[in-house]
Amino acid sequence: MEQSPEIREITIEDVVAQAEAEKESIEETQNVIFKPNPGPQTAFLAAGEREVLYGGAAGGGKSYAMLADPLRYMAHPQFSGLLLRHTTEELRELIWKSQEMYPKIYPGIKWSERKMQWVTPQGGRLWFSYLDRDEDVLRYQGLAFSWVGFDELTQWATPFAWNYMRSRLRSTAPDLPIYMRATTNPGGPGHAWVKKMFIDPSKPGKSFWATDIESGEVLTYPKGHTKERQPLFKRRFIPAMLTDNPYLAEQGDYETMLLSLPEHQRKQLLEGNWDVAEGAAFPEFNRKVHVVESFEIPRNWVKFRSCDYGYGSFSAVLWFAVTPNEQLIVYRELYVSKVLAKDLARMILEIEQSDGNIKYGVLDSSCWHKRGDTGPSLAEQMILEGCRWKPSDRSAGSRISGKNELHRRLQVDEDTEEPRLLIMDNCTNLIAQLPILPLDKNNPEDIDTKVNFDHLYDALRYGIMSRPRFSIWDYDPANQRPSHQQVACKTFGY
């Protein structure tokens with residue numbers, strides 16, 4: 001005999017409780033003015049680093065994230081914020097969006113059209129302004145802000161405005177931190193310096209100590225300071241993709257528009273690729289393909305190095321390993337300036353002490369030139385220190401041949417499905433510079449030699465052209481054909 005289900009008496013209290021729950025659920029849904037998308041947008045709004053860049057692909061919700069970030073602090077009576085765009089026309093769109101959001105979030109907040117400023121009932125202020133020319137920073141001289149935001153940072157051609165506004169950061173309240181925030185897409189007049197400052201020093205999403213964008217050295221407190229030699233502050237780059245914004249991604253229309261763009265713009269705005277530049281010499285370079293995590297090179301792999309020496313500019317040294325499947329791996333770099341040839345030789349020997357046998361080194365052949373003096377050449381000075389070299393090939397057509405060989409090695413082999421050249425992720429300068437090397441407008445078969453960051457490229461070219469034959473076995477000196485390269489040291493054959 002089946003048992004009838006138990007009938008529970010519903011009381012008036014149950015009805016009231018259910019109604020209250022439904023009311024709270026409806027109010028919670030209807031009263032949400034802004035809710036960050038899970039992932040990068042949430043990470044940006046929760047970031048604690050002093051300077052943070054948010055962006056990458058178009059449509060990632062950058063503008064709303066920028067407007068929402070200062071809301072964390074605007075209830076503080078001493079909060080003073082500044083949100084910048086490059087021009088007043090670009091600024092107007094941000095103001096319209098803020099006028100949609102802020103009055104709903106802060107009842108009683110007031111907007112002043114004359115001052116271009118929001119003021120909360122608690123006294124917090126957020127100023128909207130523009131900064132078109134470098135001289136415009138004088139408008140903010142003598143002012144102090146606890147929060148500064150730059151929307152579309154790559155619209156500023158130089159880092160001057162960003163660096164100057166850092167000097168305006170100040171807070172006397174212990175519970176009010178100071179922050180600089182920026183959003184942008186790749187491309188634009190300031191692409192190169194923004195990339196150097198936020199993209200190149202570390203992996204996306206990972207916090208790192210702020211570095212000097214020219215030398216790459218960590219910024220530290222000066223000598224005599226109580227925190228002498230300690231790092232100043234941290235930076236972070238938080239990438240965003242169109243797929244991180246479900247409102248645009250699900251519609252599909254915006255993605256369709258981005259797919260129709262020219263290749264370099266599509267890679268920048270749809271893929272958020274910072275390694276793409278218009279007129280780049282090596283557009284096939286791809287970090288996901290050509291960059292690998294650092295690992296210890298087996299001692300039985302053939303290793304060699306190459307160098308492009310410079311005192312007034314930079315000296316660039318690269319170390320290579322040849323894998324059993326005939327790949328070349330750049331596993332270390334040295335990039336220094338104002339270093340004498342003898343000192344560079346000592347640095348190199350110290351660095352490679354644990355590498356085992358370095359089979360040979362290739363040095364810019366111009367280092368053997370006497371340059372009008374009677375003493376040893378730069379190359380000979382280094383060889384006397386025990387750092388041995390042979391001269392690079394600088395014959396007619398060698399630059400173009402080297403560029404073509406690099407193109408070939410960057411291609412993915414059809415059989416192995418891997419490129420013939422890999423770069424370890426600790427070679428940060430080479431990885432940063434290679435994809436943005438420009439072509440020579442007068443000679444598209446070569447790169448533009450007027451740029452001041454082609455030294456690592458030259459070292460790379462010397463290295464890959466020194467091994468026209470692939471093998472983990474060295475040549476047999478007894479059976480090797482005579483080389484027509486200049487011999488610097490007959491004793492060692494260099």
Looking at (1) in contact with a Ser or Thr (Cβ under 8 Å, 6 or more places away or on another chain); (2) modelled with pLDDT under 60, which one does Pro36 not meet, given that it meets all the others? (2)
Determine whether segment 43-53 contains at least one residue that is in a strand (DSSP E or B), surrounded by 14 or more Cβ atoms within 10 Å (Cβ to Cβ) and β-branched (Val, Ile, Thr). yes
Restricting attention to segment 405-434, the residues that are touching a residue at least 12 places away in the same chain (Cβ under 8 Å) and open to solvent by 60 Å² or more (accessible area, probe 1.4 Å) number exactly 6
List every residue pair whose Cβ atoms sit under 8 Å apart, with the two residues 6 or more apart in sequence or on different chains, where the first one lies in segment 75-103 and is among the basic types (Lys, Arg) and the second, anywhere, is open to solvent by 70 Å² or more (accessible area, probe 1.4 Å). Arg85/Tyr130; Lys97/Tyr64
Arg332 vs. criteria modelled with pLDDT of 95 or more, open to solvent by less than 60 Å² (accessible area, probe 1.4 Å) and among the charged types (D, E, K, R): yes
Tell me, please, whether a residue that is touching an Asp or Glu at 6+ places or on another chain (Cβ under 6 Å) and under 17 Å from Tyr54 (Cβ atoms) can be found in segment 145-164. no
Test for Thr158: is it surrounded by fewer than 14 Cβ atoms within 10 Å (Cβ to Cβ) and free of Cβ contacts under 8 Å to residues at least 60 places away in the same chain: yes
Collect the residues in segment 281-317 that are under 19 Å from Arg420 (Cβ atoms) and hydroxyl-bearing (Ser, Thr, Tyr), keeping them in residue-number order. Ser306
Going through segment 177-236 one residue at a time, which ones are part of a loop (DSSP other than H, G, I, E, B), surrounded by fewer than 20 Cβ atoms within 10 Å (Cβ to Cβ) and among the aliphatic types (A, V, I, L, M)? Ile178, Ile213, Leu219, Leu232
Specify the residue that is most open to solvent (accessible area, probe 1.4 Å); the eligible residues are those in segment 117-137 that are in contact with a strand residue (DSSP E or B) (Cβ under 7 Å, 6 or more places away or on another chain) and either touching a residue at least 24 places away in the same chain (Cβ under 8 Å) or among the charged types (D, E, K, R) (or both). Arg125
Just checking, how many residues over segment 157-182 are modelled with pLDDT of 90 or more and either aromatic (Phe, Trp, Tyr) or within 19 Å of Thr211 (Cα to Cα) (or both)? 15
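The values are calculated or read from the model by the stated rules, or taken from the named source; none is laboratory data. Worth saying up front: this structure is predicted, and the values here are computed from it rather than measured. Heads up, the Cβs are rebuilt from the backbone with ideal geometry, glycines too, and the neighbour counts pull from every protein chain shown. The accessibility values were calculated without ligands, DNA or RNA, using every heavy atom of the protein model including side chains. Shrake-Rupley method; radii C 1.70, N 1.55, O 1.52, S 1.80 Å.
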